[in-house]
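**Student:** Pasting a structure here, questions to come.
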């Protein structure tokens, strides 16, 4: 039981760190993307460009399908 609690604690810590790091992006509504210029002020265009340029054509093609199948997020600890 202690192992499960330790794993859960680590997962919660990692989740809270993720939420803190991405608060500005997570705490928006769809209207904010336009009125607060979320793409220009919060999301780094260079980071997105770097991530996309590092992907293969097949990975980019599969993005919409993969996103539609996301059901659960697993944290690697």
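The values are calculated or read from the model by the stated rules, or taken from the named source; none is laboratory data. What you are looking at is a predicted structure, and each value in this text was computed from that prediction instead of being measured. Every residue, glycine as well, gets a Cβ built from its backbone with ideal geometry; the counts of neighbours run over all protein chains shown.
**Student:** What are the pairs with Cβ atoms under 7 angstrom where one residue, in the stretch 1-13, is on the phi < 0 side of the Ramachandran plot and surrounded by 10 or more Cβ atoms within 10 Å (Cβ to Cβ) and the other, located anywhere, is at pLDDT 85 or above and assigned to a loop (DSSP other than H, G, I, E, B)? Sequence gap at least six, or different chains.
**Tutor:** Between residues of the stretch 1-13 that are on the phi < 0 side of the Ramachandran plot and surrounded by 10 or more Cβ atoms within 10 Å (Cβ to Cβ) and residues that are at pLDDT 85 or above and assigned to a loop (DSSP other than H, G, I, E, B), there is no close pair.
**Student:** In the stretch 22-77, what count of residues is obtained for those that are over 16 Å from the mean Cα position of the chain (by Cα) and modelled with pLDDT of 85 or more?
**Tutor:** 10
**Student:** Let me ask another. Residue under question is residue 19, and the condition is that it be modelled with pLDDT of 85 or more, closer than 24 Å to residue 63 by Cα, out of contact with any strand residue (DSSP E or B) (no Cβ under 9 Å at 6 or more places or on another chain) and exposed (fewer than 12 other Cβ atoms within 10 Å of the Cβ); does it hold?
**Tutor:** Against the criterion (modelled with pLDDT of 85 or more, closer than 24 Å to residue 63 by Cα, out of contact with any strand residue (DSSP E or B) (no Cβ under 9 Å at 6 or more places or on another chain) and exposed (fewer than 12 other Cβ atoms within 10 Å of the Cβ)), residue 19 qualifies.
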